[in-house]
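Reviewing the structure listed below.
Where a number appears in this text, it was derived from the coordinates with a stated rule and is not lab data. All of these numbers come straight from a predicted model, not from anything done at the bench. Cβ: placed from backbone, ideal geometry, glycine included. Neighbour counts: every protein chain shown.
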Amino acid sequence: MSFDVFFQNAVALHQAGRLDDAENIYRSLLEISPQNADLLYLIGMIALQKNAPDSALEFLYKAVRLNPNAASYRFTLAQALCDAKKPKEALEQYKEVLKLNDSYPDTYNNMGLIYRASGDRETAETYFQKALKLNAAFTPALINLGLMRREDGKINEARELFEKALNAEEDNAEAAAQLAVCERMENRFEKALELYERALKHAPENADFWNGKGIVSECLKRYEDALASYDTALKISPRMADAHNNRANVLTKLGKHWDAEAAFKTAIKIDPKFVEAYNNLGALLFERERYEEALECYRKAFQINPKQAQTCNNLAMAVRAAGDLKEAVGLYFNALVLNPDDETVRHNLARALYDLYAHENCPEEAKALCEKWASAYPDDKIARHLADSLNGKQTDRADPEYVKELFDAFSPTFDQTLNALSYRVPDLIKNVLKECRSGLRILDAGCGTGRLAAILKPYAGFLAGIDLSEKMVQTARNTGLYDELETGEIVEYLNNHRESFDLVVLADVMCYFGELSEAVGAVLGALKNGGTMLATFEKTNKAGYLLQPTGRFAHNRLEIEHKLGDAGFDLIELTQADLRTEDGNPVEGFLVKAAKNNAENK
């Protein structure tokens with residue numbers, strides 16, 4: 001059998017994926033013809049396919065030296081150099097390819113990938129565009145440009161590019177999967193799931209796609225489906241740390257804490273620098289009250305990446321639980337610098353500064369730090385309000401933006417926190433409502449998560465709710481008890497709904513108003529003649545009202561009576577009561593019941 005016949009047989013085996021058989025024949029032929037550039041090139045290509053870049057480079061360099069004008073040799077050599085993590089040498093080879101043949105979009109696309117990886121996004125963009133100039137439907141360049149757009153937060157532009165790639169190549173699994181990520185980022189989870197299933201139809205052995213499908217299933221709270229997807233990903237790629245971490249998150253949600261802990265630890269064993277896994281394991285341990293172990297996890301995450309706001313925040317939380325409030329304050333400030341817009345960080349910092357003021361016998365230090373915060377971030381409503389509170393500066397009301405941000409940050413733990421504070425307001429209101437008739441038009445002003453809805457509903461023909469915090473309103477909506485819910489500022493809402501309600505309930509709302517005239521007047525205007533207001537107030541023995549270090553206003557009994565009378569209310573009942581417990585001490589307040597009088601109509 002001739003050399004050419006053996007060579008053609010080897011090429012056929014190579015094309016059929018029988019790499020070992022093809023390589024054996026190539027090497028046998030190379031002994032006969034050691035200077036055959038094609039054989040050297042093909043052996044190098046097989047080494048590249050076997051993920052052996054060093055061996056690939058040895059043969060490909062020999063092939064290029066023998067035939068320096070073969071563009072395909074240099075192109076494959078450049079690929080091998082990329083796999084060997086030698087991007088500069090790879091770029092030089094791609095440039096030589098362009099000198100020989102500049103008509104292939106793959107060359108420009110691959111050069112764009114190298115520039116993107118190096119951080120030179122502008123040049124990367126140029127090369128991806130050059131690839132598309134040669135072929136407007138070249139899917140790899142469309143996908144790579146889409147990834148860059150998504151990294152820049154331009155989700156719609158990214159989606160358009162991925163859709164264009166998918167239209168050009170309907171069975172392109174990567175395009176479908178990347179489009180799925182866009183849909184997930186926009187909370188269109190069903191669509192994302194559909195796209196992952198499309199991707200997996202064409203690439204069923206892709207562990208990343210199974211992992212992505214698991215994430216979307218988790219977002220849809222289909223936890224068993226998510227586990228199945230993560231398990232499939234790990235069957236394909238057992239050392240996929242991200243899938244172990246995601247699987248652990250689902251196990252946590254299913255209450256399988258020991259299994260979750262083991263999965264987090266597996267992720268960390270595979271990738272000892274996996275910050276997210278350390279943070280998640282720390283959160284699990286913290287919740288299980290294993291504080292020392294949680295602190296160790298958070299410190300490890302911080303050591304790996306001290307420039308991540310979430311890591312600083314988590315460590316601060318654990319340090320604070322361990323009793324070192326001053327270190328916690330410092331870490332919260334670090335987190336604030338890293339992400340000034342993080343509502344959770346700002347809320348935690350505010351609480352820590354208040355505790356430093358109230359419990360650590362460091363009031364002056366707390367005031368100074370708060371003023372420093374407010375000065376560094378003059379638009380930060382939380383910082384400004386807390387600084388005013390600690391320094392005893394009197395203002396008319398809390399800035400609505402402050403209240404919104406406070407309760408947006410507070411919403412995930414709102415109900416649990418109130419339960420821990422022996423919160424008595426719902427019971428106080430329930431007792432007063434016993435005297436009311438049914439079928440009323442009721443407004444739950446400052447409805448929060450809807451804690452009062454079940455109490456108010458039996459008396460309501462129509463039950464509305466209004467709150468500044470969208471996150472609180474969403475939780476209230478989940479009760480299914482309100483006929484109408486809105487997000488907005490309460491006084492504005494009341495002024496826009498004049499003479500609309502028989503009963504307006506304001507639980508823990510008046511504590512965010514100092515001067516009461518505007519709020520009380522708005523309530524009066526929203527009530528029908530003879531309508532009733534139920535409201536709680538925090539108590540002070542000082543004249544007028546007081547902005548407390550807590551950030552809430554307290555009112556004197558005479559101040560409340562005076563403002564109600566001036567507005568046009570008849571005071572029916574003003575009962576002193578403990579509203580809740582805070583730091584082990586009762587928060588004294590009043591429950592007020594007042595009726596709109598008809599003097600204006602007399």
>> Calculate the FRET efficiency for Val11 and Glu224 from the Cβ-Cβ distance with a Förster distance of 45 Å, rounded to the nearest 0.05.
In response: 0.40
> Can you give the convex hull volume of the alpha carbon atoms of the range 421-601 per residue, in Å³?
Replying inline: 110
> What spacing in nm lies between the two simple spin-label points modelled at Leu558 and Asn478, each 7 Å away from Cα in the Cβ direction?
Replying inline: 4.7
> For the range 273-393, which semi-axes, largest first and in whole Å, follow from the square roots of 5 times the eigenvalues of its Cα gyration tensor?
Replying inline: 26, 16, 10
>> What distance in nm separates the two pseudo spin-label positions at Glu518 and Ser118, each 7 Å out from Cα along the beta-carbon direction?
In response: 5.8
> Mean residue ellipticity at 222 nm from the helices of the chain, using -39,500 (n - 2.57) per DSSP H segment of n ≥ 4 over the full residue count, to the nearest 500 deg cm²/dmol?
Replying inline: -19500 deg cm²/dmol
>> Eigenvalues of the Cα gyration tensor times 5, then square-rooted: what semi-axes does that give for the range 210-330, in whole angstrom, largest first?
In response: 27, 14, 12
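List Asp467, Asp21, Asp508, Asp379 from most exposed to least, where exposure is judged by having the fewest other Cβ atoms within 10 Å.
Final ranking by Cβ density, sparse to dense: Asp379, Asp21, Asp508, Asp467.
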> Which of Lys265/Lys326; Lys154/Lys273; Lys326/Lys367; Lys85/Lys164 have a Cα-Cα distance over 24 Å?
Replying inline: Lys265/Lys326; Lys154/Lys273; Lys85/Lys164
>> I'd like the orientation of helix 517-526 relative to the chain: the angle between its Cα long axis and the longest Cα principal axis, in ° from 0 to 90, rounded to 10.
In response: 90
> At Ser103 and Lys154, where each label point lies 7 Å from the Cα along Cα→Cβ, what is the point-to-point distance in nanometres?
Replying inline: 3.2
> Which three lengths, in whole Å and largest first, does the chain cover when its Cα atoms are put on their principal axes?
Replying inline: 116, 50, 44
> With r defined as the distance between the Cβ atoms of Asn496 and Arg288 and R0 fixed at 51 Å, what FRET efficiency is calculated, to the nearest 0.05?
Replying inline: 0.60
> Among Tyr115, Ala80, Asn279, whose Cα lies farthest out toward the positive end of the dipole of the chain, if unit charges sit on the beta carbon of Lys, Arg (+1) and Asp, Glu (-1)?
Replying inline: Ala80
